[in-house]
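Before any comments, here is the structure.
The values are calculated or read from the model by the stated rules, or taken from the named source; none is laboratory data. These numbers were taken from a predicted model, which means no experiment stands behind them. Note: areas computed on protein heavy atoms with side chains; ligands, DNA, RNA excluded. Shrake-Rupley method; radii C 1.70, N 1.55, O 1.52, S 1.80 Å.
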Amino acid sequence: MTTDRFGSARWAVVEELGDGRWRLTLRDEADDELGAFGLGVEGPWAPDVEPHVGFVLAQLGLAPTGARPWRVDELGDQRAPVLPLV
């Protein structure tokens, strides 16, 4: 169910907001924000948050690419390349 809104998404970025709160943003190739979602899950990135993010991405018709897609970026956020599900 890839929507036109997220069809150009190339990055998923997950930011820890503190107090167990997390925010997922989808960004295009130029790193412009296409949409943002608060995640209703608390806990550390692994093992609690990462699977939840994968589920949300799948619901939006996206999937992280690569064998180990998630890395910590220069701002300390989790970042992974994404492509539409086929």
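Build a GNM of the chain with springs between Cα atoms under 10 Å apart, and of 13, 72, 53 the one that fluctuates most is 72.
When only Cα pairs below 8 angstrom with a gap of at least 6 residues are kept, the chain shows a relative contact order of 31 percent.
Taking every alpha-carbon pair in the chain and binning the separations at 10 Å intervals from zero gives 18, 57, 24, 1 percent. Between helix 50-59 and the chain there is an angle of about 30 degrees, using the helix long axis and the longest principal axis of the Cα atoms.
What the phi angles of region 67-75 give under the Karplus curve with 6.51, -1.76 and 1.60, with θ = phi - 60°, is a coupling list of 5, 10, x, 7, 9, 8, 8, 5, 9 Hz, glycine and proline written as x. Averaged per residue, the chain has 59 square angstrom of accessible surface, using a 1.4 angstrom probe with ligands and nucleic acids left out.
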